[in-house]
1. Residues in the stretch 50-96 that are part of a loop (DSSP other than H, G, I, E, B), over 18 Å from GLN13 (Cα atoms) and not basic (Lys, Arg): how many?
2. Condition first: part of a loop (DSSP other than H, G, I, E, B), free of Cβ contacts under 8 Å to residues at least 60 places away in the same chain and of a type in the set (Ser, Thr, Tyr). Can you find one or more residues in the stretch 30-43 that meet it?
3. Pairs needed: first member in the stretch 1-14, more than 17 Å from LEU80 (Cα to Cα); second member anywhere, at pLDDT below 85 and in a loop (DSSP other than H, G, I, E, B); C-beta distance under 7 Å; at least 6 residues apart or different chains.
4. Given (1) out of contact with any Cys (no Cβ under 9 Å at 6 or more places or on another chain); (2) at positive phi, where does ILE26 come up short, assuming only one miss?
5. May I ask you to verify whether GLY113 is in a loop (DSSP other than H, G, I, E, B), surrounded by 15 or more Cβ atoms within 10 Å (Cβ to Cβ) and not basic (Lys, Arg)?
6. Spot the failing condition for PHE70; the list is (1) under 29 Å from ALA137 (Cα atoms); (2) more than 14 Å from the chain's Cα centre (by Cα); (3) at pLDDT 85 or above; (4) surrounded by 15 or more Cβ atoms within 10 Å (Cβ to Cβ), and only one is missed.
7. Scanning the stretch 1-21 for residues that are of a type in the set (S, T, N, Q) and in contact with a helix residue (DSSP H, G or I) (Cβ under 8 Å, 6 or more places away or on another chain), which turns out modelled with the highest pLDDT?
8. Pairs please, first residue from the stretch 173-186 and touching a residue at least 60 places away in the same chain (Cβ under 8 Å), second anywhere and hydroxyl-bearing (Ser, Thr, Tyr) and surrounded by 13 or more Cβ atoms within 10 Å (Cβ to Cβ), Cβ atoms under 8 Å, 6+ apart in sequence or on different chains.
Amino acid sequence: MNSIDELFEPYIQLEKAIMERTSDWIHLHCGLCTACCCRADICEEALQSAFLSKLLIKQGLDETELDNSFGWLTPKGCSLAYGRPPICHAYFCDSLLERLENDPTRRVISLLGLLIYHVGEKALGDLHLTEIEDPAALEKVDFQRISKQLKEAQNAFRAIDEFFQTNGRPSPAARNAMERIPPYEL
C-alpha cells in the first residue's frame, strides 16, 4: 500500500461491515432511548480530518450538509454511510452493553467498536489517521503500519463473526485474531 487512495475501499468495506454488524442491535436500543449520545461537535471531526473529509467527498457530502445542532444525525440515525469518526463506532453506553446476554459478548462488541480506531492508530507519529488535518500530510502516513493494522482489523472482524456464528465458541485462530487488537483507552 503506497498511497492513501489505496486505503479508501478496504477501509470503507470494513467500516460498513462493522456498521451492519451493529446496526440492528443498536437501533433496537437507541431508537427507544431518550438520551442522545451523538453530538454535533463529534460530527465536526469528520470535516476537520483530512482522511474523513475525503470519505465525505466520496459520498457527495460537504460541510453545508452538517446541521449545527444535530451534526449528521437524522431521525433515522447517522446519515453517513461511512467516514464516521472512530469514537462513533467505539462508544457504547452502559445501558446498551447491559442489554447483552453475557460478559464475553460485551467484550466482543466492545472489540468490534475498536476496529476502526485500530486501523488508524499512530498513522503519522502519535497521530491517528483521522486526527491528521493537513491533506498533504496524508502522503506521509506510515502506509505499511496502516496496511498491517487494517489486515489485523479485518481478521478480527471475521473472528467476531465466527464468535457470533458459533454462539461464543470461536476457534483458537479466531481468538488469536481478536487478541491482536489491544484494548484502547479513547
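The values are calculated or read from the model by the stated rules, or taken from the named source; none is laboratory data. Since we're looking at a predicted model, the values are computed, not measured. So basically every Cβ, Gly included, is an ideal-geometry build from the backbone, and we count neighbours across all protein chains shown.
1. 11
2. Going residue by residue through the stretch 30-43, those that are part of a loop (DSSP other than H, G, I, E, B) are 31-39.
Right, trim to free of Cβ contacts under 8 Å to residues at least 60 places away in the same chain and you get 31-32, 34-39.
Retained after the next criterion (residues that are of a type in the set (Ser, Thr, Tyr)): 34.
Scanning the stretch 30-43 turns up at least one residue that is part of a loop (DSSP other than H, G, I, E, B), free of Cβ contacts under 8 Å to residues at least 60 places away in the same chain and of a type in the set (Ser, Thr, Tyr).
3. Between residues of the stretch 1-14 that are more than 17 Å from LEU80 (Cα to Cα) and residues that are at pLDDT below 85 and in a loop (DSSP other than H, G, I, E, B), the close pairs are LEU7/MET1.
4. (2)
5. no
6. Of the numbered conditions (1) under 29 Å from ALA137 (Cα atoms); (2) more than 14 Å from the chain's Cα centre (by Cα); (3) at pLDDT 85 or above; (4) surrounded by 15 or more Cβ atoms within 10 Å (Cβ to Cβ), the odd one out for PHE70 is (1).
7. So in the stretch 1-21, the residues of a type in the set (S, T, N, Q) come out as 2-3, 13.
When the remaining residues are screened for being in contact with a helix residue (DSSP H, G or I) (Cβ under 8 Å, 6 or more places away or on another chain), the result is 2-3.
Working: ASN2: 62, SER3: 79.
Only one residue tops the list, namely SER3.
8. Filtered contacts from the stretch 173-186: TYR184/TYR117; LEU186/TYR91; LEU186/TYR117.
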